[in-house]
Amino acid sequence: MLSRRHYEEFLVRLYFGDGKDYLELCIDRAYLDFNRTLHGIGKMPDAITVREHVSKMLNEALVELRQIAQIISDTRQFDQWHKTTCESIVRAFCESGYHQVHIGQAQKWLNMTLKYIYTMGDERIPGYLAFYGFCHVPLDNIIIRALSAYPDCPRLRCPWSRINDYGSYLNIQHWIRQRFALPPLDVEFQLWMGETVPPQLEETL
């Protein structure tokens, strides 16, 4: 008889596609979450090669993250890895001939990939549970709109996909960590679902 696991595998294949390299499937699916903002890349004769080149770089960065799990023990160290990886994504696009990519697009690709890794679960993609509490909220129109309900949340001066200053991006992530009692990815999930997010404990007293 079919189990709940069978139905879960069906949903995974339906959303992520067929294949057993689950990390690669997460990277590919996350690309689709932001690629519409890569204006003009589809007109490049080697657009597929560009995507493959940057995807390979991102895959290597995520594999490295798993390998240095003992080194990254706090949010500061994770943020430094995150900044380096976002900048590497931008640089890899530029090296491939596409110069219109921004930190805002890089964070969406990286953050959504990490979110999908946790969606897949540790059984499929082991080695990332230690970073869950450090991960960032993927910034997009839905989340920016939800955060606008909080007057003290830092405001962006441009669309999320056009963020070029990593510092202004990170200010929002710092605010989320300080404002809410839940890990940032839990906050993102509840905001995306339109649910109320509990504030830090001292604010509820």
**Study point:** Elements of type helices (runs of 4 or more DSSP H) in the range 21-101, at least 3 residues being under 22 Å from residue 185 (Cβ atoms), modelled with pLDDT of 95 or more and aliphatic (A, V, I, L, M)
**Key:** 22-32, 47-67
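This table checks each residue for (1) under 25 Å from residue 122 (Cβ atoms); (2) out of contact with any Ser or Thr (no Cβ under 6 Å at 6 or more places or on another chain); (3) basic (Lys, Arg).
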| residue | (1), (2), (3) |
| --- | --- |
| 24 | yes, yes, no |
| 39 | no, yes, no |
| 43 | no, yes, yes |
| 47 | no, yes, no |
| 53 | no, no, no |
| 58 | yes, yes, no |
| 62 | yes, yes, no |
| 66 | yes, yes, yes |
| 82 | yes, yes, no |
Study note, to complete from the structure: Exactly one of 23, 62, 38, 14 is of a type in the set (A, V, I, L, M) and either in contact with a helix residue (DSSP H, G or I) (Cβ under 6 Å, 6 or more places away or on another chain) or open to solvent by 30 Å² or more (accessible area, probe 1.4 Å) (or both), and that one is 14
**Study point:** Criterion: farther than 23 Å from residue 178 by Cα and among the hydrophobic types (A, V, I, L, M, F, W, C) - qualifying residue of 62, 110
**Key:** 62
Point to revise | Test: residue in the range 114-129 that is of a type outside the set (S, T, N, Q), farther than 20 Å from residue 64 by Cα and touching a residue at least 24 places away in the same chain (Cβ under 8 Å) | key: no
Practice item. Kindly indicate whether any position in the range 152-175 is modelled with pLDDT under 95 and small (Gly, Ala, Ser). Key: no
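One line per residue, one yes/no per condition, for (1) in contact (Cβ under 8 Å) with a residue 60 or more places away in the chain; (2) under 16 Å from the mean Cα position of the chain (by Cα):
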position	(1), (2)
142	no, yes
145	no, no
148	no, no
163	yes, yes
173	yes, yes
183	no, yes
187	no, yes
194	no, no
198	no, no
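The values are calculated or read from the model by the stated rules, or taken from the named source; none is laboratory data. Remember, it's a predicted structure, so these values are computed and weren't measured experimentally. Backbone-built Cβ (ideal geometry, glycine too); neighbour counts: all protein chains shown. For accessibility, only protein heavy atoms count, side chains too; no ligands or nucleic acids. Shrake-Rupley method; radii C 1.70, N 1.55, O 1.52, S 1.80 Å.
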